[in-house]
Amino acid sequence: MRARIWLPALAGLAAVLAGFGLAELTAGLIAPGVSPVLVVGALLIDFAPAWAKDLMIGLFGTADKAALIVFIALVAAVLAALAGIWEYRRPPFGRYVIVAAGLVALVAALTRAGASPFDAVPPVLAMLVAAVVLTMLVTRLRAGSAAGADGQVQPATGLDRRRFLAYTGVSAGVGVLAAVGGQLLSAGSRAADAARALFTLPAATTPAAPLPAGASFDIDGLTPIITPNADFYRIDTALSVPRVDPSTWTLKITGLVENEVEIDFAELLALPLEESTTTLACVSNYVGGDLIGNALWLGYPIRELLARAKPTAEADMVLSRSADGWTASTPLEALTDDRNSILAVGMNGDPLPLEHGYPVRMVVPGLYGYVSATKWVTELIVTRFDRETAYWSTRGWSEKGPVKLSSRVDVPRGNATVEAGTVTVAGVAWSQHVGVSAVDVQVDGGDWNPATLADAISVDTWRQWRWDWDAPSGSHTIRVRATDANGLVQTSELADVAPDGATGLHEISVSVS
Ligand SMILES: Nc1nc2c(c(=O)[nH]1)N[C@H]1C(S)=C(S)[C@@H](COP(=O)(O)O)O[C@H]1N2
Ligand SMILES: [Mo]
């Protein structure tokens, strides 16, 4: 009984490994990025329903993309084992399973942004190899075995079983070797990594003013005014970071324009580049959350390129598209008014990190990233909101996303225990494109106490605040609220992150000993 399940399951696994390995190898040779696991993962991400976004943000932040890959590998392994068992018991049902899985991978490969017909080769090859190897192994398994009295096939024994195991081992081994070879090949073709390593960022024609001396307080645990690249939050739908070779990168401006514009990387770098400090926030940042960061960006104003393209009078939106097909819809006005909306090539003095959009991304002050901050950007389509819809707007998120006025307590940490006496309460507040004019702190629902604000870098950056609290012992709650330069006070009304950003006041509990 055990042999009837385990040996066929083994055959299924070995067959699928052989097919998968050869697909990885051909992907490495002719279609980098078309690894079956990655294309299926990308398909799952794109088809996830709207409610899954919250989960996805947690899941596909930075480290947990690996979780999806492991999940797909586990599902594939289970299907492979089932295919083996079915092929043994009711041929050709095992092959049907393999063909069905192969078709899913084929659709996934061909529906990727910028897919070429060659991308069909790895999944089709995987399907054929797996089906042929499965048939061969199961035939081996049956060889020498006779139909029992009950009409059931009896598993092979002795010499036949040893032969079967040898063939199975060879198939699996070839698969693993081929997969490793494919990985090495695609690593070797990573022109983007190599180019970035060799790239020296040009100097800014218009450097940023030095940070005001009073822009940051020296308080342990307070968020630094500039977020180091390594600590900058990362959010995107890309399962493997897009590798865009700067030597072939171009940006096209098309759509409702008088002149189509196309520039390459060398041309972009030769333009007068400007530095600006801009805070970037994610719409999925809940009140008090950390999906927000502030960086010194180097780039070229999008306004200038749009001026060359000359949008027609009816245009009201720019749909930006990335190398991996993701899109954002940005109001045309936010890209043509006087704010620092740029095509960024530098982040905190370094070339853009690969995961933050190398070689070129958009940064638009005052709008959530999902409607503005396109990484690996390759195309700006000038259009209208009533004609085009961007990636997240088709998944239940608002088509416009101005960043909401908000503030956060960083110290003390929530649920910390502090000593009675003077306790420094501090954090950050932001009201992008308007500016923060005041921050107040409240203890246990009492009076609002004005906090001291650090100097502002600009209206487009967050601002630190501090307040010295004479803390009595016991349990307390601390709340913070910001007021913007127009006098708007941060609302205490709770709103979920969907569809256009959270509201409410950040509140922490502390115990004072
Ligand atoms: N190509 C691409 N660009 C993208 C995204 C994406 O999924 N794909 N996500 C956007 C979102 S939702 C946010 S909040 C910002 C995050 O930028 P960061 O990862 O550099 O912090 O990138 C934006 N740009
Ligand atoms: Mo986001």
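The values are calculated or read from the model by the stated rules, or taken from the named source; none is laboratory data. Since we're looking at a predicted model, the values are computed, not measured. Every residue, glycine as well, gets a Cβ built from its backbone with ideal geometry; the counts of neighbours run over all protein chains shown. Heavy atoms of the whole protein, side chains included, go into the accessibility calculation; ligands, DNA and RNA do not. Shrake-Rupley method; radii C 1.70, N 1.55, O 1.52, S 1.80 Å.
Of the helices (runs of 4 or more DSSP H) lying entirely inside the stretch 10-112, those carrying at least 1 residues that are at pLDDT 90 or above and open to solvent by 50 Å² or more (accessible area, probe 1.4 Å) are 65-89, 93-110.
Restricting to the stretch 406-420, name every residue that is assigned to a loop (DSSP other than H, G, I, E, B) and open to solvent by less than 40 Å² (accessible area, probe 1.4 Å).
Matches in the stretch 406-420: Pro412, Ala416.
Here Ala197 meets the list (1) touching a residue at least 24 places away in the same chain (Cβ under 8 Å); (2) under 30 Å from Ala42 (Cα atoms); (3) not in a loop (DSSP other than H, G, I, E, B) almost entirely, failing just condition (1).
Looking at Val434, Val382, Val439, Val423, just one residue is among the aliphatic types (A, V, I, L, M), more than 16 Å from ligand 1 (Cβ to nearest atom) and part of a loop (DSSP other than H, G, I, E, B), and that residue is Val434.
A count restricted to the stretch 447-474 and to residues that are hydrophobic (A, V, I, L, M, F, W, C) and either part of a strand (DSSP E or B) or modelled with pLDDT under 95 (or both) stands at 6.
Among the residues of the stretch 276-299, which ones are open to solvent by 20 Å² or more (accessible area, probe 1.4 Å), more than 15 Å from ligand 2 (Cβ to nearest atom) and not β-branched (Val, Ile, Thr)? Residues satisfying the conditions are Gly288, Leu296. Taken over the stretch 251-284, the criterion of being within 16 Å of ligand 1 (Cβ to nearest atom) and of a type in the set (Val, Ile, Thr) is satisfied by Thr277, Thr278, Thr279, Val283.
Restricting Ser372, Ser393, Ser398 to those that are at pLDDT 95 or above and under 28 Å from Asp496 (Cα atoms) reduces the list to Ser372. Take the conditions touching a residue at least 40 places away in the same chain (Cβ under 8 Å), small (Gly, Ala, Ser) and within 16 Å of Ala113 (Cα to Cα) and apply them to Ala390. Does it pass? It is true that Ala390 is touching a residue at least 40 places away in the same chain (Cβ under 8 Å), small (Gly, Ala, Ser) and within 16 Å of Ala113 (Cα to Cα).
Residue pairs whose Cβ atoms lie under 6 Å apart, separated by 6 or more positions or on different chains, with the first residue in the stretch 443-466 and closer than 13 Å to Val428 by Cα and open to solvent by 50 Å² or more (accessible area, probe 1.4 Å) and the second part of a strand (DSSP E or B) and of a type in the set (Lys, Arg), are Thr452/Arg466. Scan the stretch 214-229 for residues that are closer than 16 Å to Arg466 by Cα, out of contact with any Lys or Arg (no Cβ under 6 Å at 6 or more places or on another chain) and surrounded by fewer than 19 Cβ atoms within 10 Å (Cβ to Cβ) and jot them down. Residues satisfying the conditions are Gly214, Ala215, Ser216, Asp218, Ile219, Asp220, Gly221, Pro224. Please verify whether the stretch 230-237 includes one or more residues that are in a helix (DSSP H, G or I) and either buried (at least 16 other Cβ atoms within 10 Å of the Cβ) or of a type outside the set (Lys, Arg) (or both). Checked against the condition, which is being in a helix (DSSP H, G or I) and either buried (at least 16 other Cβ atoms within 10 Å of the Cβ) or of a type outside the set (Lys, Arg) (or both), the stretch 230-237 yields at least one hit. Among the conditions (1) out of contact with any helix residue (DSSP H, G or I) (no Cβ under 9 Å at 6 or more places or on another chain); (2) of a type in the set (A, V, I, L, M, F, W, C); (3) in a loop (DSSP other than H, G, I, E, B), the only one that Leu298 does not satisfy is (3). Inclusion of Ile219 among residues that are farther than 18 Å from Pro353 by Cα and modelled with pLDDT of 95 or more is warranted. Looking at the stretch 255-264, can you tell me whether even one residue there is surrounded by 21 or more Cβ atoms within 10 Å (Cβ to Cβ), closer than 30 Å to Leu43 by Cα and more than 16 Å from ligand 2 (Cβ to nearest atom)? Yes, because at least one residue in the stretch 255-264 is surrounded by 21 or more Cβ atoms within 10 Å (Cβ to Cβ), closer than 30 Å to Leu43 by Cα and more than 16 Å from ligand 2 (Cβ to nearest atom).
Consider Leu211 carefully, then state whether it is away from ligand 1 (no atom under 16 Å from the Cβ), open to solvent by 40 Å² or more (accessible area, probe 1.4 Å) and at pLDDT 85 or above.
It is true that Leu211 is away from ligand 1 (no atom under 16 Å from the Cβ), open to solvent by 40 Å² or more (accessible area, probe 1.4 Å) and at pLDDT 85 or above.
Determine, yes or no, whether Ala498 is more than 21 Å from Thr278 (Cβ to Cβ), out of contact with any Lys or Arg (no Cβ under 9 Å at 6 or more places or on another chain) and among the aliphatic types (A, V, I, L, M). No: the conditions fail for Ala498.
Each row is one residue, and each column tells you yes or no for (1) small (Gly, Ala, Ser); (2) more than 30 Å from Ala215 (Cα to Cα); (3) not assigned by TED's automatic domain parsing to the domain that holds Ser329.
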{"residue": "Glu275", "(1), (2), (3)": "no, no, no"}
{"residue": "Val287", "(1), (2), (3)": "no, no, no"}
{"residue": "Leu296", "(1), (2), (3)": "no, no, no"}
{"residue": "Gly299", "(1), (2), (3)": "yes, no, no"}
{"residue": "Ala309", "(1), (2), (3)": "yes, yes, no"}
{"residue": "Thr312", "(1), (2), (3)": "no, yes, no"}
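The single condition among (1) in contact with a Ser or Thr (Cβ under 6 Å, 6 or more places away or on another chain); (2) under 23 Å from Thr254 (Cα atoms); (3) open to solvent by 40 Å² or more (accessible area, probe 1.4 Å) that Ala270 does not meet is (1).
Being assigned to a helix (DSSP H, G or I) and over 25 Å from Ala81 (Cα atoms) is a description that does not apply to Gly173.
Condition check ((1) in contact with a Phe, Trp or Tyr (Cβ under 7 Å, 6 or more places away or on another chain); (2) part of a loop (DSSP other than H, G, I, E, B); (3) not aliphatic (A, V, I, L, M)) across all residues:
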| residue | (1), (2), (3) |
| --- | --- |
| His476 | no, no, yes |
| Arg479 | no, no, yes |
| Asn486 | no, yes, yes |
| Val497 | yes, yes, no |
| Gly501 | yes, yes, yes |
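Restricted to the stretch 311-378, the set of strands (runs of 3 or more DSSP E) holding at least 1 residues that are within 11 Å of ligand 1 (Cβ to nearest atom) and open to solvent by 20 Å² or more (accessible area, probe 1.4 Å) comprises 317-322.
Just one of (1) free of Cβ contacts under 8 Å to residues at least 60 places away in the same chain; (2) in contact with a strand residue (DSSP E or B) (Cβ under 7 Å, 6 or more places away or on another chain) fails for Thr417. It is (1).
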